[in-house]
Amino acid sequence: MQVVKYVFQPHGDDRGQLIALEEFKDIPFKIKRVYYMYDTAGGVVRGHHAHKKLEQILVCIHGSCKIRLDNGKEKKVVPLEKPYEGLYVANNMWREMFDFSEDAVLLVFASELYDESDYIRDYDEFMNFIKEHPEK
Ligand code: TYD
């Protein structure tokens, strides 16, 4: 499995850092939705789902967390601990987010509006879905 991590370019000067992200430039899709998680309780594992169509970029803009990616054949754990790193998460990818630091803020750029029918929340259903929709 190829992990696609973007390294965004900060505009740093003696005042501090600033990162600007534009759709189709820094983010490889039209940004239809942005959401973020914070105050995540200790030991919590979020996610436990895949998406049929949705693509995302995850940025831990403060603190740290880990993302487990699972394409049905292989699993990888990717730490996110820098505000200038973005992890691309494709559709048809089971994901779990865990090991959140107390101060973690996980920002997500999404290619689609919220649509519950795009979610696969059952792991067996995910395995069947990827068998029926193999990667091209
Ligand atoms: P949930 O899917 O449980 O989050 P996670 O993938 O991190 O485990 O979402 C939590 C709640 O937020 C759930 O009630 C659905 C709602 N929600 C929205 O209304 N819009 C959104 O864009 C997202 C991601 C979630």
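The values are calculated or read from the model by the stated rules, or taken from the named source; none is laboratory data. Predicted, not measured: the structure shown is a model, and the values here were computed from it. Cβ sites come from the backbone with ideal geometry, for glycine too, and all protein chains shown count toward neighbours. Keep in mind that these areas ignore ligands, DNA and RNA; they rest on the heavy atoms of the full protein, side chains included. Shrake-Rupley method; radii C 1.70, N 1.55, O 1.52, S 1.80 Å.
Could you look through the range 77-102, keep only residues that are among the charged types (D, E, K, R) and open to solvent by less than 70 Å² (accessible area, probe 1.4 Å), and pick out the one that is farthest from residue 29 (Cα to Cα)? Steps first, answer last, please.
Of the residues in the range 77-102, the ones among the charged types (D, E, K, R) are 81-82, 85, 95-96, 99, 102.
Within this subset, residues satisfying the condition of being open to solvent by less than 70 Å² (accessible area, probe 1.4 Å) are 85, 95-96.
Values: 85: 17, 95: 19, 96: 22 Å.
By that ranking, first place goes to 96.
How about the range 108-136: which of its residues are of a type in the set (Asp, Glu) and part of a helix (DSSP H, G or I)?
Going through the range 108-136, the residues of a type in the set (Asp, Glu) turn out to be 112, 115-116, 118, 122, 124-125, 132, 135.
Passing the criteria: 116, 118, 124, 125, 132.
For the structure I just gave you, tell me whether residue 15 is among the charged types (D, E, K, R), open to solvent by 100 Å² or more (accessible area, probe 1.4 Å), farther than 22 Å from residue 104 by Cβ and modelled with pLDDT of 95 or more. Talk me through it step by step, then tell me what you get.
Values: among the charged types (D, E, K, R): yes; open to solvent by 100 Å² or more (accessible area, probe 1.4 Å): yes; farther than 22 Å from residue 104 by Cβ: yes; modelled with pLDDT of 95 or more: yes.
Considered against the rule, which asks whether it is among the charged types (D, E, K, R), open to solvent by 100 Å² or more (accessible area, probe 1.4 Å), farther than 22 Å from residue 104 by Cβ and modelled with pLDDT of 95 or more, residue 15 comes out as yes.
Which condition from (1) crowded, with 16+ Cβ neighbours inside 10 Å; (2) over 19 Å from residue 6 (Cα atoms); (3) within 12 Å of the ligand (Cβ to nearest atom) is the one that residue 45 breaks?
Of (1) crowded, with 16+ Cβ neighbours inside 10 Å; (2) over 19 Å from residue 6 (Cα atoms); (3) within 12 Å of the ligand (Cβ to nearest atom), only one is false for residue 45: (1).
Can you report the number of residues in the range 103-118 which are surrounded by 14 or more Cβ atoms within 10 Å (Cβ to Cβ) and closer than 18 Å to residue 50 by Cβ?
7
State all residues of the range 18-42 that are assigned to a loop (DSSP other than H, G, I, E, B), surrounded by fewer than 13 Cβ atoms within 10 Å (Cβ to Cβ) and either near the ligand (Cβ under 10 Å from one of its atoms) or of a type outside the set (D, E, K, R) (or both); if no residue qualifies, say none. Please lay out each step first, then the result.
Start the filter on the range 18-42 by keeping residues that are assigned to a loop (DSSP other than H, G, I, E, B), which leaves 18-22, 24-26, 28-32, 38-42.
This time we only want the ones that are surrounded by fewer than 13 Cβ atoms within 10 Å (Cβ to Cβ), so: 18, 20, 22, 24-25, 30, 39, 41-42.
Hits for the range 18-42 are 18, 20, 24, 41, 42.
Take the residues in the range 100-135 that are within 16 Å of the ligand (Cβ to nearest atom) and aromatic (Phe, Trp, Tyr), then tell me which one is nearest to residue 86 (Cα to Cα).
The selected residue is 109.
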